[in-house]
Amino acid sequence: MEFQIRKADYRDIPAIMQVMAEAQKAMEHPEWFCSDCEEYMKKHIESCGFTIVAEPISQSSLAGFFLVKFPGLAEENLGHLLGYTKEELEKTVHMDMAVVHPAYQGNRLQSRMLHKAEEVLAGSPVLRNRLLATVHPDNRFSLNNMLNSGYEIVKTTRLYGGLPRHVLQKIL
């Protein structure tokens with residue numbers, strides 16, 4: 001199946017929320033994923049980062065999305081866990097959330113959206129080259145996607161209310 005991978009805009013918010021709801025309903029292990037609200041999604045279309053979406057060429061629905069967050073110096077910046085300097089924190093990006101609708105899983109969409117997000121970052125006039133992500137240690141699908149894309153596990157800790165997570169890093 002062919003997909004268009006592109007940056008999202010505000011018109012995509014209802015479909016993004018639908019994909020998240022459908023994916024969460026179908027999850028065998030809900031602790032692997034921390035969903036968020038519509039307001040959070042809106043902030044990450046343009047103002048606090050950006051979002052990549054995948055849509056099937058032959059249909060008018062979304063197959064998945066990948067949210068990218070610019071945490072700046074905020075306390076939740078994962079760079080604090082890694083001892084980043086202020087300058088490094090300002091260059092940090094969270095590869096925050098990847099969700100694929102259950103009907104489209106198996107099409108390597110997480111990896112494809114991740115690569116598109118990295119392309120967007122590489123073409124940005126603002127240097128943000130410290131890419132961080134978190135993955136539940138048992139989520140082999142997401143973990144392998146990240147490792148195969150050049151990310152490394154740099155820490156394992158408890159986040160998001162005590163859930164175990166690997167912190168992964170890639171420096172462009």
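The values are calculated or read from the model by the stated rules, or taken from the named source; none is laboratory data. Computed from a predicted model, the values in this text were never measured in an experiment. A quick note on method: Cβ atoms are made from the backbone with ideal geometry, for glycine too, and the neighbour counts reach across all protein chains shown. These area figures cover heavy atoms from the full protein model, side chains too; ligands, DNA and RNA do not enter into them. Shrake-Rupley method; radii C 1.70, N 1.55, O 1.52, S 1.80 Å.
Convert 10 °C to kelvin, take the viscosity as 1.306 mPa s, use the Kirkwood radius over C-alpha pairs of the chain as Rh, and evaluate the Stokes-Einstein diffusion coefficient in µm²/s, rounded to a whole number. It diffuses with D of about 98 µm²/s by this estimate.
Near I171: Cβ cut-off under 10 Å, other residues only, Lys/Arg at +1 and Asp/Glu at -1. The net charge is +1. Here the simple spin-label model places points 7 Å from the Cα toward Cβ, and for M1 and D138 these points are separated by 2.7 nm. Looking at this model, which pairs from K43/K86; K69/K91; K7/K155 are more than 21 angstrom apart at the alpha-carbon? Check vs 21 Å cut-off fails for K43/K86; K7/K155. Surface composition of the chain: carbon plus sulfur atoms contribute 49% of the solvent-accessible area (1.4 Å probe, protein chains only, all chains present). Selection among A15, A54, L78 by position relative to the dipole of the chain gives L78 as farthest towards the positive end (Cβ unit charges, Cα centre).
The spacing between the stretch 139-172 and the stretch 41-105, judged by their C-alpha centroids, is 14 Å. Given +1 at the Cβ of Lys and Arg, -1 at the Cβ of Asp and Glu and no other charges, the dipole of the stretch 31-172 around its Cα centre is 320 debye to the nearest 20.
Simple spin-label estimate for T156 and L82 gives 1.8 nm between the two label positions (7 Å along the Cα-to-Cβ direction from each Cα). A Gaussian network model of the chain, with springs between Cα atoms under 10 Å, assigns the largest mean-square fluctuation among I57, I16, I45 to I57.
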